[in-house]
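One structure is given below, encoded as structure tokens.
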Amino acid sequence: MIKIIIDSASDITQEEAEKKGIRMIPLEVRFGDEVYLDGVNLMPQQFLEKLIESNTLPKTSQINEYRWTEQFEQLTANGDQVIAITISSKLSGTYSSAKMAAKKFAGKVFVVDSLSAATGERILCDYALRLVAEGKTADEIFAELEQVKHKIQVIAVVDTLKYLRKGGRISAVTAFAGELLSIKPVIAVINGEVKMAGKALGSKKSNNLLMQLMQKCGGVDFNMPYGLIFSGYRDEYLRKYLEDSACLWQDHVSDIKDIPVYMYGSTIGTHVGPNALGVAFFANK
């Protein structure tokens, strides 16, 4: 049997993982002196609330080699093989730790650097589950994931520059000027790193820029997993985006309510803050 394990940077909670029949290993998230297990006793909605209330950004600890080894021992005990999917190696040392642990399980454990996070990592996991269901071997699944992961796109419109400034990704002067002008930045996971992909004045123009960037990379491959990502209490931003981008979905879904929507957790949520909206998909190219 082939088993899938993924870290919580995918924003897959422990409860979701159990429903999917996979194993989720949580990252630790620290708010001051309080330490939580991501996706176990800190859900995305709770994370957002704490992020807004906190004066400083939370810190996330990578999953070390010992914890990966412990999981691999359990999962391979009955002779099963394991596909491990991790957050981008450029965002965390978690992948490196998993690779080191996997050396003890030659031929049994295959580690995939997703070069992504959040829903980008999630959809790679969903595709892996599809390949398992199709009866592919562990070697075949690993090779396929290594190939298709480069097609994953994660693009998001950020409502506030506050958290990008706190994280040091933009200067205080740029953030202040941007807030005055109602600039909405668009960020993306590019080559495994979170980077600015563009900026626009106001929500409508930022939604248009988001659509342009999606089309620029070939559009959504609707034969593969995909989803929207959101961080907020009210869904008006989400509804507005779906209205503005109806042309992208109308020929592929019978109802926009069928489009999967997930919440940002701690990994990307720390940078985007509340009311950010994005898409994660395999590029149709």
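The values are calculated or read from the model by the stated rules, or taken from the named source; none is laboratory data. If you're wondering where the values come from, they're calculated on a predicted model, not measured in any experiment. Backbone-built Cβ (ideal geometry, glycine too); neighbour counts: all protein chains shown.
The set of residues in the stretch 265-275 that are in contact with a Gly (Cβ under 8 Å, 6 or more places away or on another chain) and at pLDDT 85 or above contains only Gly265. Within the stretch 8-34, residues that are free of Cβ contacts under 8 Å to residues at least 60 places away in the same chain and under 19 Å from Leu91 (Cβ atoms) sit with their Cβ atoms under 6 Å from residues that are surrounded by fewer than 20 Cβ atoms within 10 Å (Cβ to Cβ) and small (Gly, Ala, Ser), at 6+ positions apart or across chains, in these pairs: Glu28/Ser61.
For the stretch 167-215, the set of residues classified as at pLDDT 65 or above and among the hydroxyl-bearing types (Ser, Thr, Tyr) consists of Ser206 only. Number of residues in the stretch 92-112 that are touching a strand residue (DSSP E or B) at 6+ places or on another chain (Cβ under 6 Å), surrounded by fewer than 19 Cβ atoms within 10 Å (Cβ to Cβ) and assigned to a helix (DSSP H, G or I) equals 1. Scanning the stretch 224-251 for residues that are charged (D, E, K, R) and more than 16 Å from Thr160 (Cβ to Cβ) gives Asp235, Arg239, Lys240, Glu243, Asp244, Asp251. Restricting the stretch 216-248 to residues that are at pLDDT 85 or above and among the charged types (D, E, K, R), the residue that is surrounded by the most Cβ atoms within 10 Å (Cβ to Cβ) is Asp221.
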